[in-house]
1. So which of LEU208, LEU160, LEU199 is closer than 15 Å to ALA234 by Cβ, in a loop (DSSP other than H, G, I, E, B) and either more than 16 Å from ligand 2 (Cβ to nearest atom) or of a type in the set (S, T, N, Q) (or both)?
2. Filter segment 96-147 down to the residues that are under 30 Å from LEU168 (Cα atoms) and of a type in the set (Asp, Glu) and list them by number.
3. Kindly indicate whether ARG187 is of a type in the set (D, E, K, R) and either within 16 Å of ligand 2 (Cβ to nearest atom) or part of a loop (DSSP other than H, G, I, E, B) (or both).
4. If you check ILE162, ILE100, which single one turns out to be of a type in the set (Val, Ile, Thr), over 30 Å from GLY242 (Cα atoms) and either crowded, with 18+ Cβ neighbours inside 10 Å or modelled with pLDDT under 95 (or both)?
5. Tell me which residues, restricted to segment 8-35, are among the polar types (S, T, N, Q) and within 15 Å of THR57 (Cα to Cα).
6. Filtering segment 42-69 down to residues that are touching a strand residue (DSSP E or B) at 6+ places or on another chain (Cβ under 7 Å) and either assigned to a helix (DSSP H, G or I) or within 13 Å of ligand 1 (Cβ to nearest atom) (or both), which residue is most open to solvent (accessible area, probe 1.4 Å)?
7. From the list SER155, SER206, exactly one residue is over 23 Å from VAL55 (Cβ atoms), open to solvent by 10 Å² or more (accessible area, probe 1.4 Å) and not aromatic (Phe, Trp, Tyr). Which is it?
Amino acid sequence: MALRFTSLGSGSSGNGLVVESGDTRVMMDCGFTLGDVKTRLERVGLAPSQISGVVVTHEHDDHMGGVARFALRYAIPVYLTRGTAQWLPPDFPAVLVKCIDSHTPFAIGAVSVDPFPVPHDAREPVQYVFSDGAARLGVVTDLGTVTQHVVDKLSGCEALVIECNHDLDMLMEGPYPVSLKHRVAGRFGHLCNADASRLVAALELSKLRHLIAAHLSQQNNKPELAVRALSGAAGCEPGWVGVATQGDGFAWRDA
Ligand SMILES: [Zn+2]
Ligand SMILES: [Zn+2]
C-alpha cells in the first residue's frame, strides 16, 4: 500500500503531521487546540475519527499540548516513551496509553513506526521514521545536535522532513533574551539551517523524492534561507525543496 503524508502545521506555535497507508492514519504530535486540529484535519480531507493513533515526540507544548484532549475526545491511542508519558494528565485513561521503547520499532495498522532518540531538552525525546514496508518517511523536528544514530536512521529514505529552526545570525542578532538564544542554539536545542544542511549532506540520498524544511522560527528564519541550505546540501533545485509552514503545513505528498 502506498504511503502518503501531510503536515497540519509546523513551528513553535504547534505541530502535527499525518502519515497514511491504506486505512491507517497516524498523527505525529498534536500541538493544537481541539477546535484547531479539527479544522486543520478538515483542510486535508480528514475527520478526527479517521486517526488510528497519535505518536508523540516529546512533552513540549507545541508537540504535546493538544494530544490528551484530542485522544480522549476521540478515544485514540497515544504512543510515547515512558519519559514523555509522565506529562500526560494524571486522569488520562491508561487504556489509551501505549508506552514505547525509543529503540524498538512498532506497527500501527499498516504503518511501521521506527522511533529513535534525539538530543533535545526534554525528558525522553524521540523522532520517527514511518514506512509502509516499501517507502520510508523520516521526520526530525526538534534536535539540538546531529548524532551518527540520526544519520543512520534517516539515510535511504524516500521522503525527509527536517528541522531548519533558525538562521544562526538572525537568532543571535534578534530580539530573544541571551539565555533563550543559548538554549535554542545549544546542544539540546534546535537545528539551525547550517546544521540541517550538514545533516542532509551526511545522508544517503539515492532514493530521495521529497525534502521539506520544517519547524522554522517565524522570528529567526526565512523560508528562502532554509530552502537554500537544504537544496545546497542535497544538490537539487531550490524549487524542489518544500517548506512546512505554521499556518498551513504542507499538502498531501505520495512518498
Ligand atoms: Zn518544537
Ligand atoms: Zn521541543
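The values are calculated or read from the model by the stated rules, or taken from the named source; none is laboratory data. Small disclaimer: the values here were computed from a predicted structure and weren't measured. All Cβ positions, glycine included, derive from the backbone under ideal geometry; neighbour counts span all protein chains shown. Please note that ligands, DNA and RNA were not included when accessible areas were found on the heavy atoms of the full protein model with its side chains. Shrake-Rupley method; radii C 1.70, N 1.55, O 1.52, S 1.80 Å.
1. Working: LEU160 fails: in a loop (DSSP other than H, G, I, E, B); LEU199 fails: in a loop (DSSP other than H, G, I, E, B).
Selected residue: LEU208, the only one of LEU208, LEU160, LEU199 that is closer than 15 Å to ALA234 by Cβ, in a loop (DSSP other than H, G, I, E, B) and either more than 16 Å from ligand 2 (Cβ to nearest atom) or of a type in the set (S, T, N, Q) (or both).
2. Of everything in segment 96-147, those that are under 30 Å from LEU168 (Cα atoms) and of a type in the set (Asp, Glu) turn out to be ASP121, GLU124, ASP142.
3. Yes; evaluated as a whole, the condition is true for this residue.
4. Just one listed residue meets the conditions, ILE100.
5. Within segment 8-35, SER10, SER12, ASN15 meet the criteria.
6. Among those that are touching a strand residue (DSSP E or B) at 6+ places or on another chain (Cβ under 7 Å) and either assigned to a helix (DSSP H, G or I) or within 13 Å of ligand 1 (Cβ to nearest atom) (or both), it is GLN50.
7. Within the list SER155, SER206, the selection yields SER206.
For (1) touching a Ser or Thr at 6+ places or on another chain (Cβ under 7 Å); (2) away from ligand 1 (no atom under 16 Å from the Cβ), each residue gets a yes or a no:
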position: ALA75; (1), (2): no, yes
position: VAL78; (1), (2): no, yes
position: VAL95; (1), (2): no, yes
position: ASP101; (1), (2): no, yes
position: PHE106; (1), (2): no, yes
position: GLY109; (1), (2): yes, yes
position: PRO115; (1), (2): yes, yes
position: GLN127; (1), (2): yes, no
position: GLY133; (1), (2): yes, yes
